[in-house]
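Any read-out appearing in this document is the output of simple, stated calculations on the displayed coordinates, not a laboratory observation. In this text, all values refer to a predicted model and were calculated from it rather than measured experimentally. Note that we place each Cβ from the backbone using ideal geometry, even for glycine, and neighbour counts take in every protein chain shown.
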Amino acid sequence: MDRSAIRVPYVALPLRAARVKKELMAAIEKVVDHGVYILGPEVEDFEHRFAHYCGTRYAVGVGDGTSALILTLKGLGVGPGDEVITAPNSFVASASSAALLGATPRFVDVRREDMNMDPSLLERAISPRTKAIVPVHLAGHPADMEPILKIGERYGIPIVEDAAQAVGTSYHGKRAGSLGRAGCFSLHPLKNLHAIGDAGVIVTDDEGLYRWLLKARNHGLRNRDEVEFWSPNTRLDTLQAAVLTVMFGHLDEWIRERREVAEHFRAGLRDVVRVPEEAPGCFHTYQTFVVEAERRDDLLAHLRRRGVDAKVHYPLAIHMQPAARTLGHQPDDFPVTRELADRIVSLPIYGEMTSEQRGTVIDGVRTFYGA
């Protein structure tokens, strides 16, 4: 087959929206008609649905995934002088959420096999100033939570899951977000469950934290006229909640489709690049399909020439970002992270991808390596 005319964009959001456009427009029209644009009934409805899905008592919708992390850490008492441990190979919000509260991000290197926090290195990173541990479920594969939770319990340190990329992911039968004290999700358009714009949600079983978060997302208001504490405005919009409820009804179907594409890629590529695999007891949702590749930059250029838009998440680790220079890290402080940053490639993956597009991705990678 001549694949020269086939293009594979990294994302295809209009195709996703087209599948549910009638439902979306009806949900939006309902909000427009009732006029409760701030914290309307759709917000509470979505929160109830999402909490039930994750297996938690509570969910709190917020403006974005970064706000979810910041508010949760603040609600757990993180502030100036504290330390928060996380992974260095994630999106910057995993660390900036601590820094923005005046705390210091501390990093633990990751394991090669799942690119998530290495529990065997965690304990040595704990200090008397450690106030929270934030494992990241990178790319939709869960971190190895059992040993992380045991260490947190031993030291009395709360575990906050950065589940921004892991809606629907599970670890030994429990959904991401339900394992620690709280779970923080991004519902950005690139996520498996997404709004038409920015959105986020926090889940927890901690009633005290839940009650505090309801106020914290809304200026710290106790009621309309009394501000209990200073806090930002980061509410989940009613319109976005209506959109998310529609999307939520199709989430499991979309995850199933994504996993089918991932299986196709694994079968077609595992002999030429390192492909992601599920650890025993884990359910991977493939927010991104990240492979390890020799001559990564040349591969990216080769794929672009063949019409395949691949990305790198993330080429510069958090500890080497200009914003992190005051932490004093060197590139090799976290050797696995450093090596992965030079080798990882995120291939396009979505349920709307045609069989021809899947073949173009596989063929593009294989031809580069002469396979």
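Over segment 250-368, what is the relative contact order in percent, taking alpha-carbon pairs closer than 8 angstrom and at least six residues apart?
Rounded, it is 37 percent for segment 250-368.
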A chain fully extended from H48 to R325 at 0.36 nm per residue, minus the present Cα-Cα distance, gains in nm 95.6 nm
Whole-Hz Karplus couplings 3J(HN,Hα) for segment 116-132, θ = phi - 60° and coefficients 6.51, -1.76, 1.60, Gly and Pro as x, run 10, 3, 7, x, 5, 9, 5, 4, 5, 8, 6, 10, x, 8, 5, 10, 7
Across the alpha-carbon set of segment 250-368, Rg over Rh with Rh taken as the Kirkwood radius works out to 1.02
The chain: antiparallel bridges as % of DSSP beta bridges, rounded to 5, reads 65
The alpha-carbon center of segment 147-189 and that of segment 338-371 are separated, in whole Å, by 29
Quick P(r) readout (segment 186-251; Cα-Cα; 10 Å bins; whole %) gives 20, 41, 32, 7, 0
On the formula 1/(1 + (r/R0)^6), with r taken between the Cβ atoms of V32 and D332 and R0 of 51 Å, the FRET efficiency rounded to 0.05 is 0.40
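For segment 165-266, which trypsin sites (Lys or Arg not before Pro) are in a loop by DSSP, counting at most 13 other Cβ atoms within 10 Å?
R222, R224
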Toy charge model, Lys and Arg Cβ at +1, Asp and Glu Cβ at -1: the chain dipole around Cα centroid in debye, rounded to 20, equals 360
Helix-only [θ] at 222 nm, the chain, -39500 (n - 2.57) per DSSP H run of 4+, per residue, nearest 500, equals -11000 deg cm²/dmol
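Which value results for Rg/Rh of segment 110-251 when Rg is the Cα radius of gyration and Rh the Kirkwood radius based on the inverse mean 1/r?
Details: Rg = 16.7 Å, Rh = 16.6 Å.
With Rg and the Kirkwood Rh in hand, the quotient comes to 1.01.
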If the label point sits 7 Å along Cα→Cβ of Y155, residues of segment 83-102 with amide N under 11 Å come out as 83-86
Here the gain from full extension of R19 to R211, 0.36 nm per residue of separation minus their alpha-carbon distance, amounts to 65.5 nm
Computed over all unlike Cα pairs, the Kirkwood hydrodynamic radius of segment 1-110 in Å stands at 18.0
Once S127 and E263 are pulled to full extension, the length gained, defined as 0.36 nm per residue separation minus their Cα-Cα distance, is 44.8 nm
Rg/Rh of segment 215-307 (Cα atoms, Kirkwood Rh), to two decimals, equals 1.23
Of all stretches in the chain that avoid chymotrypsin sites (Phe, Trp or Tyr not before Pro) placed in a DSSP loop and having at most 13 other Cβ atoms within 10 Å, the longest is 38-228
Share of Cα-Cα pairs in the chain beyond 33 Å, whole percent, is 30
Length-normalised contact order of the chain, Cα under 8 Å, at least 6 apart, in percent, tallies to 22
Over its alpha-carbon atoms, segment 248-295 yields an Rg and a Dmax in Å of 12.0, 41
